[in-house]
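Heads up, the thing below is written out as structure tokens.
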Amino acid sequence: MNTTPTKAKSKPNQRAFWLGVALIVALIGWWIYSTPRQAPEEAGAAATAPLPEGSEVAMFAGGCFWCTEADFDKVPGVLATTSGYTGGKTANPTYSEVSSHTTGHAEAVQVIFDPSQVSYRQLVDYFWRTIDPTVKDGQFCDVGTPYRTVIFATSAQQLQTAQASLAELEKSKPFAEPIVTELVMADDFYPAEAEHQNYHQTNPVRYDFYRKGCGRDARLLLLWGSEAKP
């Protein structure tokens, strides 16, 4: 009879297991927070380039400026876009200040365009289809006045054009709820920190994760159908 003690089956190495869990958590944290944050005094450092000859400026707030900038970058005739803050009273605000809902500013995008290639009316009509204009003080998963939708006209002519576009949209009665997007004259525009410029290009994985997670495109398709501009 074999009297040699039978070895007990080895249990999983718990230490290795928890080290692995800790490593995964650390990697997730690094992925989320590795983008360097600028100090408050650096806010607004992303300067807008001089306007090309014959170009014009438009300004739109459509919720998260990462998404609005990405949407307008797709439009032929748009020469440049800049994410920033406008519509409030605080000079040279930082991202954290605007996000605290205390500055009155909205996240917005300054659009430089060539009117010989795309008209301001076309930009306004396009803008409607990138937002949910029936929601006040928020867009999709973002809630609060920094994410309100606004058309900031840079001239009296632009304001008239935007009003005409709105009137035509309201006449078609596409929604059960009223349109609450603001149409106002533009105020000072403060470029956002460099980390927020062209975010869809510099951080495509994080941008796509945010946009899908926020439900932006799903809501646009529900609202606008084939006219949506996701």
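Computed from the coordinates by the stated procedures, all read-outs in this text should not be read as laboratory data. Keep in mind it's a predicted model, so treat the numbers as computed, not measured. Reconstructed Cβ throughout: ideal geometry from the backbone, glycine too, with neighbour counts over all protein chains shown.
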*Looking at (1) buried (at least 24 other Cβ atoms within 10 Å of the Cβ); (2) out of contact with any Leu (no Cβ under 9 Å at 6 or more places or on another chain); (3) not in a helix (DSSP H, G or I); (4) not hydroxyl-bearing (Ser, Thr, Tyr), which is the one condition that is false for Val111?*
(2)
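Residue by residue, here is whether (1) loosely packed, with under 14 Cβ neighbours inside 10 Å; (2) closer than 26 Å to Thr202 by Cβ; (3) touching a residue at least 40 places away in the same chain (Cβ under 8 Å) holds:
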site: Val75; (1), (2), (3): no, yes, yes
site: Pro93; (1), (2), (3): no, yes, yes
site: Asp137; (1), (2), (3): no, no, no
site: Glu177; (1), (2), (3): yes, no, yes
_Ser55 - would you say it is polar (S, T, N, Q), out of contact with any strand residue (DSSP E or B) (no Cβ under 9 Å at 6 or more places or on another chain) and more than 15 Å from Tyr199 (Cα to Cα)?_
no
*Could you give me the residue pairs with C-beta distances under 7 Å whose first residue belongs to the stretch 197-216 and is on the phi > 0 side of the Ramachandran plot, whose second residue is not in a helix (DSSP H, G or I) wherever it lies, and which are 6+ apart or on separate chains?*
Gly215/Phe140; Gly215/Cys141
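Of all the residues that make up the stretch 94-108, how many are out of contact with any Phe, Trp or Tyr (no Cβ under 6 Å at 6 or more places or on another chain) and assigned to a loop (DSSP other than H, G, I, E, B)?
We begin by selecting, within the stretch 94-108, every residue out of contact with any Phe, Trp or Tyr (no Cβ under 6 Å at 6 or more places or on another chain); these are 94-97, 99-104, 106, 108.
Pick out the ones that are also assigned to a loop (DSSP other than H, G, I, E, B) and you get 94, 100-104.
Total meeting the criteria: 6.
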*Please enumerate the residues belonging to the stretch 106-123 that are under 20 Å from Leu159 (Cβ atoms) and touching a residue at least 60 places away in the same chain (Cβ under 8 Å).*
Ala108, Gln110, Ile112, Pro115, Tyr120, Leu123
_Consider the stretch 179-197. How many of its residues are under 13 Å from Gly84 (Cβ atoms) and surrounded by 19 or more Cβ atoms within 10 Å (Cβ to Cβ)?_
7
